[in-house]
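Chemist: If you scroll down you'll find the structure; I have some questions about it.
The values are calculated or read from the model by the stated rules, or taken from the named source; none is laboratory data. Since the model is a prediction, treat every value here as computed from it, not as a measurement. Every residue, glycine as well, gets a Cβ built from its backbone with ideal geometry; the counts of neighbours run over all protein chains shown. Please note that ligands, DNA and RNA were not included when accessible areas were found on the heavy atoms of the full protein model with its side chains. Shrake-Rupley method; radii C 1.70, N 1.55, O 1.52, S 1.80 Å.
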Amino acid sequence: MPLVSMRQLLDEAAKGGYGVGAFNVNDMEQIQAIMIAAKQTKSPVIVQASRGARAFAEDLYLFRLIEAAAELNPDIPIAMHQDHGNGFETCKSAIALGYTSVMMDGSLKEDGKTPSSFEENVEVTRRVVDYAHERGVTVEGEIGVLGGVEDGHGAGGSGLDHITDPDQAVEFAERTGVDALAIAIGTSHGAYKFNKKPDGSVLKMDVLIKIHKMLPKTHLVMHGSSSVPKDLQDIVNQYGGKLNPTWGVPVEEIQLGIRNGVRKINVDTDNRLAITGAIRKVFAEHPEKFDPRDYMKPAREAMAKVVAQRMTEFGQAGHAGDYKPIAIEEIAKGYASGALDPRPSLAGAR
Ligand code: 13P
């Protein structure tokens, strides 16, 4: 089936009370790993590419691979999403390629590093929403700033530096009309999020729950949501890696989020760890091997296993066939008529 609207995936997830994993990709094997897992668990899925991924793989290679995934898996709804767009032009170029969803991360300036003002964020996000909705494309915005840096994008520092202000989240959702809202609750991109199992002093689930109460119809997004499980860290270290002990976001906290309006969960680091561990194992145990397939196949399988596990834990498993995807052109008409207008003040009217 053609790529579907992320808005439709998230609306269906809200109806079903589950979350949808958004998995980052850079190459063919990662896309295949996601599709193996989606097919096995019968899950709708969000595939996402950062600016770094688009540059690494070259836009057209990556996009054609996603199109192949959609063609080969007609029973799986797939949304293709630009992760952390840093400006209008980045989002526009993703839409021109055929991405069905974009994130305009206006929480940072266009350099992808410096926190922006609230007004700057509203202005650029609103501009992207106008452009994207006219074309049936979903928009995710961000309010508050995530910790860490991923693919050169991020303010760095701790996840606690710019926690989302719930009142600002409401004003932002209303003034921009975003379909999904990423909030900062103490998580960071990358492997090093917490130095012990996180509790409420560092992972602000209370803020998330408060925002959900104030914005019950807005689809919330959790970034930096790898769980960084010890077994994946151990495989990397057992075969020559040097990861320092670290903790991610426990799956039970994500599930608490899902019960409180989280519909999209971003996962990249766990898959990177699974791939690296599998490759290191082959290199360590079979130093005589040099055919890339000998290590890319186990790497792909290791990632598929993690993705399938997350799909089951997030609740999206089994939901691929629940609904009929709506054509992007029809979604555009829904935005134009106001039927899909996501502004919170209109939520009662929907
Ligand atoms: P992780 O680094 O926790 O996997 O987060 C990925 C992410 O949020 C991509 O936007």
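Chemist: Among GLY98, GLY186, GLY159, determine the one that fluctuates most according to a GNM of the chain built with springs between C-alpha atoms less than 10 Å apart.
Modeler: GLY98
Chemist: Specify which residue in the list GLY87, LEU10, ALA70 is farthest towards the positive end of the charge dipole of the range 1-105, using unit charges on the beta carbon of Lys, Arg (+1) and Asp, Glu (-1), about the Cα centre.
Modeler: LEU10
Chemist: Using the Kirkwood formula over every pair of different C-alpha atoms, what hydrodynamic radius in Å results for the chain?
Modeler: Roughly 20.0 Å, rounded to one decimal.
Chemist: Taking 10 °C and 1.306 mPa s as the conditions, I'd like the Stokes-Einstein D for the range 155-224 in µm²/s, using the Kirkwood hydrodynamic radius from alpha carbon pairs.
Modeler: 125
Chemist: If you don't mind, there's one more thing I want to ask. Please go through the range 259-350 and write out the GluC sites (Glu not before Pro) that DSSP classes as loop and that have at most 12 other C-beta atoms within 10 Å.
Modeler: GLU288
Chemist: On to the next question. If you take the beta carbon distance between LEU256 and GLU171 as r and set R0 to 35 Å, what does 1/(1 + (r/R0)^6) give as a FRET efficiency, to the nearest 0.05?
Modeler: Approximately 0.85, to the nearest 0.05.
Chemist: Between PHE56 and ASN244, what is 0.36 nm times their sequence separation minus the Cα-Cα distance? Round to one decimal in nm.
Modeler: Extra length from PHE56 to ASN244 when fully extended: 65.0 nm.
Chemist: Compute the helix-to-body angle for 292-314: its Cα long axis versus the longest principal axis of the chain, expressed 0 to 90° and rounded to tens.
Modeler: It works out to around 40 degrees.
Chemist: Using Cα-Cα distances under 8 Å and only pairs 6 or more residues apart, what relative contact order does the chain have, in percent?
Modeler: 22
Chemist: Tell me, what is the per residue accessible area of the chain in Å², probe radius 1.4 Å?
Modeler: Per-residue accessible area for the chain comes out at 41 Å².
Chemist: Using a probe of 1.4 angstrom, how much of the accessible area of the range 258-301 is carbon and sulfur, in percent?
Modeler: 55
Chemist: Counting only residues 5 or more places away or on other chains, whose amide H sits under 5 Å from the amide H of HIS219 once H atoms are built in the peptide plane?
Modeler: LEU181
Chemist: With just the Cα atoms of the range 1-141, tell me how far they stretch along each of the three principal axes, in Å, largest first.
Modeler: The principal-axis extents, from largest down, are 44, 36, 24 Å.
Chemist: Here's another thing I want to ask about it. With the Cα gyration tensor of the range 98-215 in hand, convert its eigenvalues to equivalent ellipsoid semi-axes via √(5λ) and list them largest first in whole Å.
Modeler: Output for the range 98-215: semi-axes of 24, 17, 13 Å.
Chemist: Can you compute the label reach from ASP234? Point 7 Å from Cα along the Cβ direction, backbone N cut-off under 17 Å, restricted to the range 283-315.
Modeler: Of the residues in the range 283-315, 306 have backbone N under 17 Å from the label point off ASP234.
Chemist: What is the magnitude of the charge dipole of the chain about its Cα centre, with +1 placed on the Cβ of each Lys and Arg, -1 on the Cβ of each Asp and Glu, and no other charges, expressed in debye to the nearest 20?
Modeler: 680
Chemist: Moving on to the next point. Taking +1 at the Cβ of each Lys and Arg and -1 at the Cβ of each Asp and Glu, which of ALA302, TYR239, PRO342 sits farthest along the dipole of the range 204-350 towards its positive end, judged by Cα position relative to the Cα centre?
Modeler: PRO342
Chemist: In nanometres, what is the gap between the two model label sites at LYS210 and ALA336, each 7 Å from Cα along Cα-to-Cβ?
Modeler: Placing both labels 7 Å along Cα→Cβ, they lie 4.2 nm apart.
Chemist: Further, regarding this structure: Using C-alpha positions alone, give me the convex hull volume of the range 280-350 per residue in cubic angstrom.
Modeler: 185
Chemist: With springs only between Cα atoms under 10 Å, which of PRO292, PRO77, PRO166 fluctuates most in a Gaussian network model of the chain?
Modeler: Among PRO292, PRO77, PRO166, the largest mean-square fluctuation in the Gaussian network model of the chain belongs to PRO292.
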